Amino acid sequence: MTAPTFTESELRAAIERELPGVRADLERLVRIPSIAFDGFDHSHVERSAEAVAELLRGCGLDVQFARSGGQPAVIGRKPAPPGAPTVLLYAHHDVQPVGDLSLWESDPFEPVERDGRLYGRGAADDKAGIMAHIAALRAFGDALPVGVVLFIEGEEEFGSDSLERLLAEYRDEIASDVIVIADSANWDVGVPALTTSLRGLINCFVEVRVLSHAVHSGMFGGAVPDALTALSRLLATLHDDAGDVAVDGLFGRTGATVDYPEERLRGEAGLVDGVSFLGTGRLTDRIWTKPALAVLGIDAPRTAEAPNALVPAAKAKLSLRLAPGDDPKRAYAALVAHLEKNAPWGAQVDVIFEHDGWPCVIDASGPMYDAARAAFRTAWDGVDAVDMGVGGSIPFIATFQEMFPQAAILVTGVEDPHSRAHGPNESLHLGEFARVCLAEALLLAKVAEVGKPA
């Protein structure tokens, strides 16, 4: 028996009908502070998983919880009609810490609408991704034209440390013909996108030690170095005068096909007057296909409490984004070699690895990608999707590519350049979210039309 087909107008009407309930459920998810980082109350992550499971059951899916030493993922399954393909829909229900509360204009865990945007931690990244999947399923009701597997992860923001084990353990349950990863962004408000490349990631700490204990800055300063000055000089070697990463052995590439206007990037980043961009080459190459290295934090005495003493040791956290095509293990070795080689004044340098992730490139050609582009074009009223890179990292995409080499992987998202994911005042553009929900429903219908790969 073949599942019934839906016209574009029927799906538009169905999404419009479901959106109020979808938004209400999104707000309920945002109210749960599901932070998987160490030091936070993980009972909220458990609550979030339970809430997601309830949503999936409401769509008629068979639901199970999955974990392998980390936070709970939720898997929901509904078998395909005879001869129809199966689509895996990925999102994550954990969120980033909120950081400095004084920088938020409203409570990060109490969703608030302002100027057509819904503000709150996770409102965009990635609880809206979950609800886009739910919206598409609700639009079809009991007449879903494809099989679906929803895989909603619980620790993506904390590095997905257990995800590879989960994918291996549940490989048979989640095997699919198409994989939709709703954790990226669109090119702009009003312009959809498919993400076709992402950078890899290395996070590590570098500690510099020059003294066994603090000493008087007046009695010893001038002959004896302090660790903060030594660390500052070491960190300054990571970039050349133009701002390009100066670590030998890192891979970089050029050739992005989309241009990024300077004023647009300056405004979206919030670059203050007089500050120039880092690096050389096209802006899209700099943020998508070349390495980037940032200092995320420094452990040192607070200025208000700092005594007149030479600091014996100081530590910084580094984040290295790797160009597509680079190898995290080799790149980490190159970074360690650079830090050890450039230690000033014989300072002791200790580099501590935190985690890494592979970059990826997606060949976005073939009938499933054509189906996605057609769905986007319809949902955005004739606007074609942009193939874009992303400077951020979703390391497990490489794992999906390795485990399911025949599957078409579509990296989509609900964010736009103003969403401020990971920062204060994260928000979701509600008009774009409605388009995302329609696009996913149209995509499932078009995947069913294409049929199961031979």
> How many residues does segment 117-138 hold that are open to solvent by less than 30 Å² (accessible area, probe 1.4 Å) and either more than 17 Å from VAL180 (Cα to Cα) or assigned to a loop (DSSP other than H, G, I, E, B) (or both)?
Replying inline: 9
> So, in segment 140-160, of the ones that are in contact with a His (Cβ under 7 Å, 6 or more places away or on another chain) and not in a helix (DSSP H, G or I), which residue ends up modelled with the lowest pLDDT?
Replying inline: GLY159
>> Condition first: under 27 Å from GLY366 (Cβ atoms), of a type in the set (A, V, I, L, M, F, W, C) and open to solvent by 20 Å² or more (accessible area, probe 1.4 Å). Now tell me which residues in segment 426-454 satisfy that.
In response: ALA448, VAL450, ALA454
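If I ask for residues that are open to solvent by 70 Å² or more (accessible area, probe 1.4 Å) and within 30 Å of the chain's Cα centre (by Cα), which ones from segment 296-310 would you list? Break it down into steps so the answer makes sense when it comes.
Step one: filter segment 296-310 for residues open to solvent by 70 Å² or more (accessible area, probe 1.4 Å), giving 296, 298-299, 302-305, 307-308.
Of everything in segment 296-310, those that are open to solvent by 70 Å² or more (accessible area, probe 1.4 Å) and within 30 Å of the chain's Cα centre (by Cα) turn out to be LEU296, ILE298, ASP299.
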>> Looking at segment 311-322, can you tell me whether even one residue there is out of contact with any Lys or Arg (no Cβ under 8 Å at 6 or more places or on another chain), under 26 Å from PRO395 (Cβ atoms), of a type in the set (Ser, Thr, Tyr) and open to solvent by 30 Å² or more (accessible area, probe 1.4 Å)?
In response: no
>> Suppose we filter ASP183, ASP240 for residues that are on the phi < 0 side of the Ramachandran plot and surrounded by fewer than 17 Cβ atoms within 10 Å (Cβ to Cβ); which single one remains?
In response: ASP240
> Among the residues of segment 5-49 satisfying the criterion of being of a type in the set (S, T, N, Q) and surrounded by fewer than 20 Cβ atoms within 10 Å (Cβ to Cβ), which is nearest to ASP161 (Cα to Cα)?
Replying inline: SER43
> Any idea which of ASP285, ASP244 is touching a Lys or Arg at 6+ places or on another chain (Cβ under 9 Å), farther than 30 Å from GLN348 by Cα and acidic (Asp, Glu)?
Replying inline: ASP285
>> All but one of (1) in contact with a helix residue (DSSP H, G or I) (Cβ under 9 Å, 6 or more places away or on another chain); (2) under 16 Å from CYS437 (Cα atoms) hold for SER48; state the number of the condition that does not hold.
In response: (2)
> Has segment 163-172 got at least one residue that is crowded, with 16+ Cβ neighbours inside 10 Å, in a strand (DSSP E or B) and either touching a helix residue (DSSP H, G or I) at 6+ places or on another chain (Cβ under 8 Å) or modelled with pLDDT under 95 (or both)?
Replying inline: no
> Within the set of pairs 6+ apart or on separate chains, which have a first residue in segment 166-193 that is within 18 Å of ARG420 (Cβ to Cβ) and aromatic (Phe, Trp, Tyr), a second that is open to solvent by 20 Å² or more (accessible area, probe 1.4 Å) and part of a strand (DSSP E or B), and C-beta atoms under 8 Å apart?
Replying inline: TRP187/VAL386
>> Can you pull out every residue in segment 278-328 that is assigned to a loop (DSSP other than H, G, I, E, B) and either over 28 Å from GLU207 (Cα atoms) or small (Gly, Ala, Ser) (or both)?
In response: GLY279, THR280, GLY281, ARG282, ALA300, ALA306, ALA323, PRO324, GLY325
> Limited to segment 381-408, what total is found for residues that are touching a helix residue (DSSP H, G or I) at 6+ places or on another chain (Cβ under 6 Å), of a type in the set (A, V, I, L, M, F, W, C) and not in a helix (DSSP H, G or I)?
Replying inline: 2
> Can you name every residue in segment 379-425 that is open to solvent by 20 Å² or more (accessible area, probe 1.4 Å), closer than 20 Å to HIS92 by Cα and among the acidic types (Asp, Glu)?
Replying inline: GLU415
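Identify all residues within segment 50-106 that are charged (D, E, K, R), open to solvent by 10 Å² or more (accessible area, probe 1.4 Å) and not in a strand (DSSP E or B); write none if there are none. Working first, answer last.
Filtering segment 50-106 down to residues charged (D, E, K, R) leaves 50, 54, 57, 62, 67, 77-78, 94, 100, 105.
Okay, now just the ones that are also open to solvent by 10 Å² or more (accessible area, probe 1.4 Å), so 50, 54, 57, 62, 67, 77-78, 100, 105.
GLU50, GLU54, ARG57, ARG67, ASP100, GLU105, listed by residue number.
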>> Pairs needed: first member in segment 104-116, among the hydroxyl-bearing types (Ser, Thr, Tyr); second member anywhere, open to solvent by 30 Å² or more (accessible area, probe 1.4 Å) and at pLDDT 95 or above; C-beta distance under 7 Å; at least 6 residues apart or different chains.
In response: SER106/VAL112; SER106/TYR119
>> Filter segment 351-368 down to the residues that are open to solvent by 20 Å² or more (accessible area, probe 1.4 Å) and either charged (D, E, K, R) or part of a helix (DSSP H, G or I) (or both) and list them by number.
In response: GLU354, ASP356, ASP363, PRO367
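The values are calculated or read from the model by the stated rules, or taken from the named source; none is laboratory data. In this text, all values refer to a predicted model and were calculated from it rather than measured experimentally. As a convention, Cβ positions derive from the backbone with ideal geometry for all residues, glycine included, and neighbour counts pool all protein chains shown. Accessible surface is based on the protein model in full, side chains and every heavy atom, while ligands, DNA and RNA are left aside. Shrake-Rupley method; radii C 1.70, N 1.55, O 1.52, S 1.80 Å.
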